[in-house]
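J.: Okay, here's the structure, questions in a sec.
Bear in mind these aren't lab numbers, they're just calculated from the coordinates by the rules spelled out. Given the structure is predicted, the values throughout are model-derived calculations rather than measurements. In this analysis, Cβ positions are derived from the backbone assuming ideal geometry, glycine residues included, and neighbour counts consider all displayed protein chains.
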Amino acid sequence: MWFKTQRPDIYYIGLDICDYNRNIDPNIYADKYVITTPDSFATEIAKFKNQLDAVVCSHNIEHCDQPDSVLDAILNAVKPGENIFLSFPCEESVDFPKRRGTLNFYDDQTHRNVPNWERILLKISSKGFAIYFAAKHYRTLFLSLIGLILEPISIITKKVMPLSSTWAFYGFESVIWAYRP
């Protein structure tokens, strides 16, 4: 929804495994919306080879049966001169405390494979992409501080706090921006 409100001129394709945590129908803002399965996610993305101006892959790879194939399909889908954004749980999250809202990788029963940071970076580079931002543990100062302040409440309620502040405090999310020359 954010993309279409900021840039109503873009043709937006939404691709996901399920309608998770949605309070607005994605068909309202997506020009094309595809629901697929964990085993066919890569096949669906592969249909867009060299066609997309950008790919935003936010917390999809860990839900797929073949994460390497999904990453290959994402990298192949982007036109030369364009960008990808990837975010996914960090490897260390398997040892984070368990919380509702997912702080430990295994809190989400639909998570299949723990993404391997080094393998993902290597694959992106081997496909000729230039990585211009990579954070194995993405933390913004402001949200990390909010997470620190709210951590006692998060511990007591066993729940992730709003604004991704708990994620920022722990460095739950890995983030990569890359460009295809």
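J.: Over what distance in Å are the Cα centres of segment 50-88 and segment 1-42 separated?
T.: Segment 50-88 and segment 1-42 have Cα centres separated by 14 Å.
J.: Could you rank the peptides 72-82, 31-41 by their average count of other C-beta atoms within 10 Å per residue, with the highest value first?
T.: Averaged packing, sorted descending, gives the order 72-82, 31-41.
J.: Next question. Give me His63, His137 ranked fewest to most by other Cβ atoms within 10 Å of their Cβ, as a rough exposure proxy.
T.: Final ranking by Cβ density, sparse to dense: His137, His63.
J.: Now for a different question. Nothing charged except the Cβ atoms of Lys and Arg (+1) and of Asp and Glu (-1): what's the magnitude of the dipole of segment 39-116 about its Cα centre? Round to the nearest 20 debye.
T.: Dipole size: approximately 200 debye.
J.: In terms of modelled amide H atoms, which long-range or inter-chain residues lie less than 5 Å from the amide H of Leu15?
T.: Val34
J.: Can I ask one more? How far is helix 141-157 tilted off the main Cα axis of the chain, in degrees rounded to 10, range 0 to 90?
T.: The answer is roughly 60 degrees.
J.: A further question follows. With each run of n ≥ 4 DSSP H residues scored as -39500 (n - 2.57), what mean residue ellipticity at 222 nm is computed for the chain after dividing by its residue count and rounding to the nearest 500 deg cm²/dmol?
T.: When only DSSP H runs of four or more count, the value is -8500 deg cm²/dmol.
J.: Rg and Dmax of segment 111-181, Cα atoms, in Å?
T.: Reported Rg and Dmax, both Å: 15.2, 48.
J.: Using only the Cα atoms of the chain, what do you get for the radius of gyration and for Dmax, in Å?
T.: 16.6, 49
J.: Sort Met161, Met1 by Cβ crowding within 10 Å, fewest neighbours at the top.
T.: So the ranking, lowest neighbour count to highest, is Met1, Met161.
J.: Can you tell me the orientation of helix 67-77 relative to the chain, as the angle in degrees between its alpha-carbon axis and the longest Cα principal axis, to the nearest 10?
T.: Tilt of helix 67-77: around 50 degrees.
J.: Among all lysine pairs in the chain that are eight or more places apart or on different chains, how many have alpha carbons less than 22 angstrom apart?
T.: For the chain, qualifying lysine pairs total 18.
J.: If R0 is 22 Å, what FRET efficiency do you get for Ile10 and Tyr179 from their C-beta distance, rounded to 0.05?
T.: Taking R0 as 22 Å, the efficiency between Ile10 and Tyr179 is 0.75.
J.: Sorted by average packing, counted as other Cβ atoms within 10 angstrom per residue and highest first, what order do 139-145, 112-118, 101-107 take?
T.: Highest to lowest by the protection proxy: 101-107, 112-118, 139-145.
J.: Now a separate question. Starting from the exponent 0.38 and prefactor 2.2 Å, build the expected Rg for segment 33-84 from its residue count and divide its actual Cα Rg by it.
T.: Ratio of Cα Rg to 2.2 N^0.38 Å: 1.04.
J.: Rank-order 122-133, 167-178 by packing density, defined as the average count of other C-beta atoms within 10 Å over each peptide's residues, highest first.
T.: Highest-to-lowest ranking by the protection proxy: 167-178, 122-133.
J.: Here's something else I'd like to know. Please give the helix 117-126 orientation as an angle from the longest Cα principal axis of the chain, in degrees from 0 to 90, rounded to the nearest 10.
T.: With rounding to tens, the tilt is 20 degrees.
J.: Counting alpha carbon pairs within less than 8 Å and at least 6 residues apart, what relative contact order, in whole percent, applies to segment 83-136?
T.: That works out to 27 percent.
J.: Which whole-Hz ³J(HN,Hα) couplings does segment 9-15 yield from phi under the Karplus relation 6.51 cos²θ - 1.76 cosθ + 1.60, θ = phi - 60°, glycine and proline marked x?
T.: 7, 7, 9, 9, 10, x, 9
J.: Under a plain spin-label model, where a point goes 7 Å from the Cα along Cα-to-Cβ, how far apart in nm are Thr36 and Ala130?
T.: Those two pseudo-labels are separated by 2.9 nm.
J.: Just the number, please: percent antiparallel of the DSSP beta bridges in the chain, rounded to the nearest 5.
T.: Taking every DSSP beta bridge with both residues in the chain, the antiparallel ones total about 55 percent.
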